[in-house]
């Protein structure tokens with residue numbers, strides 16, 4: 001319901017009465033007020049006047065379903081986004097949900113990770129509102145030996161999304177995305193499987209979007225960077241996130257059909 005209200009406010013781009021919103025959505029004005037109140041608590045700046053109604057002034061820089069869906073073109077991936085303000089690890093939460101039967105395409109997103117992980121258990125710096133910290137639940141019907149190619153698919157999606165926004169990304173095997181010689185994204189793939197059957201796969205993608213130099217530990221500043229540091233410009237996290245997901249679904253669908261990974265995509269150096 002909140003997503004529909006935001007869409008009405010954005011479409012109007014002016015004041016819209018509570019009565020008009022309730023009529024459009026088939027709910028009571030009290031329900032509209034309740035959802036408006038919840039949106040304000042989430043960071044949406046909405047003006048309200050008794051005789052004018054409601055007007056959206058500014059949307060928050062958050063990676064919620066409401067905000068990402070503006071740019072999303074997928075039919076399965078990220079159609080359900082479980083959003084957190086702070087979490088230990090999106091991959092850990094995604095595995096918990098996958099064990100409980102979460103559907104393919106379900107995505108866990110957090111504005112901050114307190115225990116983000118990279119390959120080999122390394123810590124991943126994940127400050128609030130500065131990156132894209134997400135995990136996607138997949139249930140591919142492939143042999144477990146093919147799963148390394150899903151990591152390649154995720155890497156290709158990040159590169160293609162970056163290129164679409166004008167960034168020169170490339171893949172450093174097996175799971176690092178590089179910009180100007182520095183790592184700006186990592187991918188962590190974890191799997192639950194039996195001998196010849198996959199129960200689920202969790203793809204964790206961490207993108208350093210708007211981090212500053214001071215956000216990185218001293219020992220990482222020569223190796224890691226962010227898109228903002230490398231370009232000198234603030235990046236729209238919502239747009240970049242959605243483009244990654246759009247490309248991921250297209251490439252993942254192709255992988256499920258022909259089981260090919262990066263060998264069919266020229267993005268490595």
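Summary of values
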| quantity | calculated |
| --- | --- |
| Residue in the stretch 108-139 that is modelled with the highest pLDDT, counting only those that are surrounded by fewer than 20 Cβ atoms within 10 Å (Cβ to Cβ) and in contact with a helix residue (DSSP H, G or I) (Cβ under 7 Å, 6 or more places away or on another chain) | 127 |
| Pick from the stretch 55-80, criterion in contact with a strand residue (DSSP E or B) (Cβ under 7 Å, 6 or more places away or on another chain) and not in a loop (DSSP other than H, G, I, E, B), ranking: modelled with the lowest pLDDT | 58 |
| Residue among 40, 34 that is under 22 Å from residue 128 (Cβ atoms) and either in contact with a strand residue (DSSP E or B) (Cβ under 6 Å, 6 or more places away or on another chain) or not assigned by TED's automatic domain parsing to the domain that holds residue 243 (or both) | 40 |
| Flag if residue 105 is surrounded by fewer than 16 Cβ atoms within 10 Å (Cβ to Cβ) and in a loop (DSSP other than H, G, I, E, B) | no |
| The listed residue being within 17 Å of residue 134 (Cβ to Cβ), in the same structural domain as residue 96 (by TED's automatic domain parsing) and modelled with pLDDT of 95 or more, out of 180, 210 | 210 |
| Members of the stretch 15-46 found to be part of a loop (DSSP other than H, G, I, E, B) and either modelled with pLDDT under 90 or surrounded by 14 or more Cβ atoms within 10 Å (Cβ to Cβ) (or both), listed by number | 15, 17, 27, 42, 43, 44 |
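The values are calculated or read from the model by the stated rules, or taken from the named source; none is laboratory data. Fair warning: this is a prediction, and the values are worked out from it, not measured in the lab. Glycine also receives a Cβ, built like all others from the backbone with ideal geometry; neighbour counts cover every protein chain displayed.
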